[in-house]
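The values are calculated or read from the model by the stated rules, or taken from the named source; none is laboratory data. Please read all numbers here as calculations on a predicted model, not as lab measurements. Note that each Cβ is placed from the backbone with ideal geometry, even for glycine, and that neighbours are counted across all protein chains shown. Side chains included, ligands, DNA and RNA excluded: accessible areas come from the protein's heavy atoms. Shrake-Rupley method; radii C 1.70, N 1.55, O 1.52, S 1.80 Å.
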Amino acid sequence: MPGDGRGAQTVAWRPAVDGIAEVFHARFVDHAYPAHAHSTWTLLIVDTGGVEFMLGRDRHHIGDREVVLLPPGVSHDGRAATPAGFRKRVLYLDGPTLPARMIGPA
């Protein structure tokens, strides 16, 4: 993965696979995402380390080998939960991959 000199490494691509809009792999140490939302379903897999994020008014933490699935339009942020950072893989899934009836209160 290409690096930025501060410990961040990222690679993203659009595979020729039905149902997957984009793939993103990253290793971050001190990067923080501001609040944002995606127009697709977002499947996040944390390979190593930990990620903290706000979802609504609640703070969440996911770590090694944990998975989160966010519906389209859900605002969240994100940052490393430890000084060592984290490594993640993300799949952005096209709308028809998961039905719209799955979007709503959990």
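Some points to look at:
- Probe 1.4 Å, protein heavy atoms only - accessible area per residue of the chain in square angstrom: 61 Å²
- Expressed as a whole percent, the accessible area of the chain that falls on carbon and sulfur atoms is 55 (1.4 Å probe).
- A Förster radius of 35 Å combined with the Cβ-Cβ distance from residue 25 to residue 58 puts the calculated FRET efficiency at roughly 0.85.
- You can think of it this way: the chain between residue 18 and residue 102 has 28.3 nm of extra reach, that is 0.36 nm per residue less the Cα-Cα gap.
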